[in-house]
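Colleague: Before I ask anything, here is the structure I am working with.
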Amino acid sequence: MQNFIRIISLLCIAFILFSCKQESNVKQVDFYHWRANYSLPANASTLLQRAESKRLYLRFFDVDYIEKQSKIFPKATLLIPEDTKITSVQEVVPVVYITNRVFEHAKTSAAINALAIQVADKINRLLAKDFFAKVSVPEIQIDCDWTLSTRASYFKFLEVLKQKSVFVTPNRKLSVTLRLHQIKYAEKTGVPPTDIGVLMLYNMGDLGDINEPNSILNLETTKKYLGNLNRYPLPLTMAFPYYDWAVLYREDKLAGIINYFTEEMLVQNFKKTATPNMYRATKDAYLNGNFIYANDVIRYESVQLSELKQLKQLIDRKYARNYSVILYHVNALLFQNQSTDELFKIFGK
């Protein structure tokens, strides 16, 4: 009898422990804003409140090497309408995307210093114009997919940038994006001299391959690259995908990406093929700045909540520390067209 009571007691305790909501290992959930024109969806306030988010990662501008002029130039600068007030968030993180070919040309100390000055000054000008005294800026983020041949130049740029006036503010951090291969092969690719690494858990497939099932997210591919995740020396933030798009092919070759692709566009202009998520254009059309010819093919790609949950579970198994999450991106139609309750439950919100 005593053994029976003991077993029942243990079962009750196990049930209680299992039923209790475990503390999430996600410290906070924030968002990327990746459009060149600043705009938040109508439900942004509700969205940010539901995520308990106070921070927005804003792409400020890109930097690229222009072949025709043989010069490095900023482009795609964020435009904020004069009558727009940044009231939805308390913190803004400027994000600067720099193409790898910039560092194929900026190799000397003078060129790297000039680039760091250019980037820092432009960030400061945009902050002064649109953000000072409105929000705090705890972090600056650089997004670059460096290679072995550009590593030295890129890492030197990060060191020099940290010395510029944009980092005069006390405790302001520098974060950089990381790709999966830079985690798996860290000894070969190197660890950037920065405060925070942001692991991009998306855009892992080959866009140029018409047979690629989903270039946004592939869980089997992800699994192959996370063996060294817990040993990576930088504190990590995880960037999760929650967006969709249409990848356009013409004569089996990549012709472009159609963002903010809607079901209405699909129904009106395309016919389903035998391949899942592949559609063929039935007529010429002009969609979101892309001209579509009859017989062009698109692959519609998206992220399902079930896949996102599996990705979160995979990261938790491979990474023992607490981490922050950035969702890419706040302007995605998925946030406007679907309930986000299940999404945020995945991250313990």
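The values are calculated or read from the model by the stated rules, or taken from the named source; none is laboratory data. As the structure is a computational prediction, the values presented were derived from the model and not from experiment. Positions of Cβ are generated from backbone atoms using ideal geometry, with glycine treated the same way; all protein chains shown enter the neighbour counts. Surface areas here come from the heavy atoms of the whole protein model, side chains and all, with no ligands, DNA or RNA. Shrake-Rupley method; radii C 1.70, N 1.55, O 1.52, S 1.80 Å.
Colleague: For the modelled label position 7 Å from the Cα of residue 338 along Cα-to-Cβ, which residues of the range 198-226 have backbone nitrogen atoms closer than 13 Å?
Modeller: The answer is 217.
Colleague: Sticking to Cα atoms, compute the Rg of the range 73-183 to one decimal and its Dmax as the biggest Cα-Cα distance, whole number, in Å.
Modeller: Just the Cα atoms of the range 73-183 yield Rg and Dmax of 14.8, 45 Å.
Colleague: For residue 287, enumerate residues with amide H under 5 Å from its amide H, sequence gap 5+ or separate chain, H modeled in the peptide plane.
Modeller: 292
Colleague: Quickly rank 134-147, 302-315 as a protection proxy: mean count of other C-beta atoms within 10 Å, highest first.
Modeller: Result, highest mean Cβ count within 10 Å first: 134-147, 302-315.
Colleague: What is the extension gain from residue 52 to residue 108, computed as 0.36 nm multiplied by their sequence separation minus the C-alpha to C-alpha distance, in nm to one decimal?
Modeller: So the chain would gain 15.7 nm between residue 52 and residue 108.
Colleague: With a 1.4 Å probe and every protein chain left in place, work out the accessible area per residue of the chain in Å², rounded to a whole number.
Modeller: Per-residue accessible area for the chain comes out at 52 Å².
Colleague: Apply the Karplus parameterisation 6.51 cos²θ - 1.76 cosθ + 1.60, with θ equal to phi minus 60°, to every residue of the range 325-332 and state each ³J(HN,Hα) to the nearest whole Hz, in sequence, with x for glycine and proline.
Modeller: 10, 10, 8, 9, 8, 5, 8, 4
Colleague: Let me confirm the definition first: pairs of Lys residues in the range 19-156, 8 or more apart or on different chains, C-alpha distance under 28 Å. How many are there?
Modeller: 29
Colleague: Of the listed peptides 101-112, 236-247, what is their order by residue-averaged count of other C-beta atoms within 10 Å, with the highest listed first?
Modeller: 236-247, 101-112
Colleague: Using a 1.4 angstrom probe on heavy atoms only, work out the carbon and sulfur share of the accessible area of the range 259-301 in %.
Modeller: Accessible surface attributable to carbon and sulfur in the range 259-301 totals 50 percent.
Colleague: Next question. What length, rounded to one decimal in nm, is gained on full extension from residue 254 through to residue 187, with 0.36 nm per residue of separation minus their alpha-carbon distance?
Modeller: 20.8 nm
Colleague: List every residue whose amide H lies under 5 Å from the amide H of residue 63, counting only residues 5 or more places away in sequence or on a different chain, with H placed 1.01 Å from N in the peptide plane.
Modeller: 75, 97, 98, 99
Colleague: Placing +1 on the Cβ of each Lys and Arg and -1 on the Cβ of each Asp and Glu in the chain, which of 102, 267, 213 has its Cα farthest towards the positive end of the resulting dipole?
Modeller: Value computed over the given set: 102.
Colleague: Continuing with this model, one more query. If you roll a 1.4 Å probe over the range 58-119 with all protein chains in place, what percent of the accessible area is carbon or sulfur?
Modeller: 49 percent
Colleague: Okay, next question. Restricted to Cα positions, what overall size does the range 279-349 have along the principal axes? Three whole-Å values, descending.
Modeller: Principal-axis extents of the Cα atoms in the range 279-349, largest first: 51, 24, 18 Å.
Colleague: For the range 140-238, what % of the accessible area comes from carbon and sulfur atoms, probe 1.4 Å?
Modeller: 48 percent
Colleague: Quick check of the Kirkwood formula: for the range 201-340, what is the inverse mean of 1/r over all pairs of different Cα atoms, in Å?
Modeller: 16.5 Å
Colleague: Let me ask something else. Which of rounded, prolate, oblate describes the chain, given a ≥ b ≥ c as roots of the alpha-carbon gyration tensor eigenvalues and a/c under 1.5 marking rounded, otherwise prolate only if a/b is larger than b/c?
Modeller: It is oblate, given that a/c is not under 1.5 and a/b is not larger than b/c.
Colleague: From the square roots a ≥ b ≥ c of the eigenvalues of the alpha-carbon gyration tensor of the range 296-336, which class results: rounded (a/c under 1.5), prolate (a/b over b/c), or oblate?
Modeller: Cα axes put the range 296-336 in the prolate bin.
Colleague: Another question, then. By the scheme Lys and Arg +1, Asp and Glu -1, what is the net charge of all other residues having a beta-carbon under 15 Å from that of residue 64?
Modeller: Value of the local net charge: +1.
Colleague: Could you order peptides 285-293, 46-54 by the average number of other Cβ atoms within 10 Å of their residues, highest first?
Modeller: Top of the packing list down: 46-54, 285-293.
Colleague: Can I ask one more? Treating only the Cβ of Lys, Arg, Asp and Glu as charged (+1, +1, -1, -1), what charge dipole size does the chain show about its Cα centre? Round to the nearest 20 debye.
Modeller: The dipole magnitude comes to about 900 debye.
Colleague: In addition: Under the 0.36 nm per residue contour assumption, what length would be gained going from the current alpha-carbon distance of residue 69 and residue 280 to full extension?
Modeller: 72.1 nm
Colleague: Suppose we keep just the alpha-carbon trace of the range 195-271; what are its Rg and Dmax in angstrom?
Modeller: 16.1, 50
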